[in-house]
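Below is one structure, written out as structure tokens, with a few remarks after it.
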Amino acid sequence: MLESLGRINNPLARSVATAATVCSVVTLSTAMVIGFTNTKDKSAYQFGVYSSLFGAAAGAIFGLVYTSKSSENRSTPDIKTSDSHVWQDWRNFVVVRKVKESEEITSFYLQPEDKGEIPNFQPGQFLTIKLDIPGQNKPVIRTYSLSDYSKTCEYYRLSIKREPAPNGLDVMPGIASNFMHDHIQEGAVIPAKPPNGKFVLDVQKSIPAVLISNGVGITPMISMAKACTRLNPHRSVWFVHGARDGQFHAFQDEVMEIAQQNPNLNVHIRYSRPKPEDTGKYQSVGYVDATLVKELCRQEAEYFLCGSPAFTQSITEGLKELGVPNNRVFFESFGKPMKSESAKQTQTATTGEGFAEIVFAKSGKTLTWKPSDGTILEFAEANDINPPFSCRVGVCGTCVCKIQEGEVAYQEEPTATTDEGSVLICISQPGTSRLVLDI
Ligand SMILES: Cc1cc2nc3c(=O)[nH]c(=O)nc-3n(C[C@H](O)[C@H](O)[C@H](O)COP(=O)(O)OP(=O)(O)OC[C@H]3O[C@@H](n4cnc5c(N)ncnc54)[C@H](O)[C@@H]3O)c2cc1C
Ligand code: FES
């Protein structure tokens with residue numbers, strides 16, 4: 001009943017409704033007592049009237065107080081994913097729109113093939129997709145941040161950078177990203193896992209948020225900026241982004257549109273190599289660094305970083321030097337992440353131990369691993385065992401497998417959550433001389 005009363009938005013209406021409810025309950029109760037006892041005492045009737053009036057007054061006051069409390073709680077709604085729409089494992093999605101955002105980034109809008117509802121997500125989370133690519137001996141699984149946000153989630157948007165081969169290396173360009181750009185058109189069907197990830201912005205907080213990105217690292221930042229400005233518009237947000245020039249700067253208009261609608265969103269764009277025609281699209285020249293970030297936001301804040309590993313590392317270190325505590329800085333790197341000191345020590349300790357026997361139970365192979373073989377995933381692949389993987393950095397959870405015997409040692413701190421007795425083989429090595437895995 002309290003919940004129903006709590007849903008009445010008008011404070012006066014809620015106060016009257018609560019008063020009437022309490023008054024009726026008290027009147028009914030006293031009438032029943034008088035009826036059962038069959039009393040003729042006049043004071044009993046007076047007691048009934050007075051207690052009903054008192055109940056009405058108390059109800060009216062409670063209604064008012066309850067109003068203000070409940071509306072306070074609703075002012076910054078929590079983002080909850082509706083469990084009923086969450087699916088297990090893979091679900092087919094149709095590409096309903098494909099939009100070029102910049103020279104190298106293209107967005108793909110996905111809706112479920114079954115036309116059912118999809119759960120909303122925490123701003124900053126990612127989607128894991130699976131692609132059947134001709135010439136690949138198994139499906140290619142990759143992870144992409146959700147780059148849009150709306151209160152009613154009707155589609156998922158992934159914005160993917162075409163990954164070229166690294167300069168000076170004679171290797172294939174990025175498999176999945178180039179396939180998406182070149183071969184995935186509107187109407188294509190792609191299996192995806194439910195949204196996941198811990199690099200998320202808590203929109204309910206009031207502390208200013210500084211969103212810092214470069215290149216394609218802008219994708220989770222758009223989602224965070226949109227969620228925050230829509231769900232908690234009083235929170236100050238700084239959007240600091242670095243791009244090479246106007247051609248490589250994705251989502252220019254989209255970000256400016258959010259800023260125009262919300263005066264608490266402050267945007268600063270820095271180009272490293274602006275062209276003459278870029279005038280007006282950026283605020284400063286150079287690379288985004290911690291000094292710029294601190295000059296822009298001089299208050300205590302939370303910092304969210306996304307971009308290349310070198311970028312997140314240099315800004316994290318710079319912020320630390322400028323006195324920002326570690327627990328105020330959150331980052332996600334699309335490449336190999338930084339190693340924490342404890343992870344470095346673990347790795348040194350493990351690699352010093354030497355050989356280990358790994359039994360890959362499902363594959364029926366027992367092999368001898370040595371430190372130069374790298375992670376368990378790399379070792380498995382080198383021996384023609386091909387477990388599924390995506391990020392290879394302990395973020396997405398795709399490579400998780402059960403340990404049947406023995407222990408592992410992580411080289412990085414895992415970001416993805418695993419069950420007791422399971423391991424992310426992309427960032428671990430054997431921790432005992434014998435290890436049996438359910439692969
Ligand atoms: C949490 C998370 C979120 C992400 N979000 C996004 C996002 O929003 N947008 C986005 O574009 N990306 C995102 N990524 C990155 C994305 O998952 C892929 O890693 C990226 O698209 C590259 O995949 P690919 O298959 O194209 O390249 P891969 O085939 O995996 O290759 C990667 C690079 O390695 C090079 N390479 C290939 N072989 C060799 C070799 N032998 N030696 C050295 N180099 C080699 C390739 O040329 C390429 O440059 C995210 C990653 C994570 C972990
Ligand atoms: S492949 Fe993503 S956690 Fe291992």
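Only Lys, Arg, Asp and Glu carry charge here, each on its Cβ (+1 for the first two, -1 for the last two); on that basis the stretch 209-332 has a dipole of about 100 debye about its Cα centre. Computed 3J(HN,Hα) for the stretch 406-412, one whole-Hz value per residue from the Karplus formula 6.51 cos²θ - 1.76 cosθ + 1.60 where θ = phi - 60°, is x, 9, 10, 10, 6, 8, 10, glycine and proline marked x. Note: the stretch 209-332, Cα convex hull, 96 Å³ per residue. If you average the alpha carbon positions of the stretch 350-399 and of the stretch 238-284, how far apart do those two centres end up, in angstrom? So the two Cα centres are separated by 43 Å. A cut-off under 11 angstrom between Cβ atoms defines the neighbours of G286, and their net charge, with Lys, Arg +1 and Asp, Glu -1, is +1.
Couplings 3J(HN,Hα) for the stretch 111-125, derived from phi with the Karplus relation 6.51 cos²θ - 1.76 cosθ + 1.60 (θ = phi - 60°), are 10, x, 5, 6, 6, x, 7, 10, x, 6, 9, 7, x, x, 6 Hz, where x marks Gly and Pro. About its Cα centre, the stretch 156-195 has a charge dipole of approximately 220 debye under the convention of +1 per Lys or Arg Cβ and -1 per Asp or Glu Cβ, with nothing else charged.
Our compactness index for the stretch 125-216, the C-alpha radius of gyration over the empirical 2.2 N^0.38 Å, is 1.31.
The amide H of V210, built 1.01 Å from its N in the peptide plane, has W238, E302, Y303, F304 as neighbours under 5 Å, considering only residues 5 or more places off or on other chains. Amide H contacts of F334 (H built 1.01 Å from N, in plane; Pro and chain starts excluded): G307 sit under 5 Å, all sequence-distant by 5 or more or on other chains.
Once you wrap a convex hull around the alpha carbon atoms of the stretch 208-248, what is its projected area averaged over all directions, in nm²?
The orientation-averaged projected area of the Cα hull of the stretch 208-248 comes to 2.9 nm².
In this structure, the residue pairs whose Cα-Cα separation is over 25 Å, taken from K151/K320; K161/K320; K98/K130, are K151/K320; K161/K320. Solvent exposure of the stretch 83-192, expressed per residue, is 50 Å² of accessible area, with all protein chains present and a 1.4 angstrom probe.
Diffusion of the stretch 350-432 by Stokes-Einstein, at 37 °C in a medium of 0.692 mPa s and with Rh set to the Kirkwood radius over alpha-carbon pairs, works out to 258 µm²/s.
The values are calculated or read from the model by the stated rules, or taken from the named source; none is laboratory data. Quick caveat: nothing in here was measured; it's all calculated off a predicted structure. Using ideal geometry, Cβ is built from the backbone for each residue, glycine included, and neighbour counts are taken over all protein chains shown. Accessible surface is based on the protein model in full, side chains and every heavy atom, while ligands, DNA and RNA are left aside. Shrake-Rupley method; radii C 1.70, N 1.55, O 1.52, S 1.80 Å.
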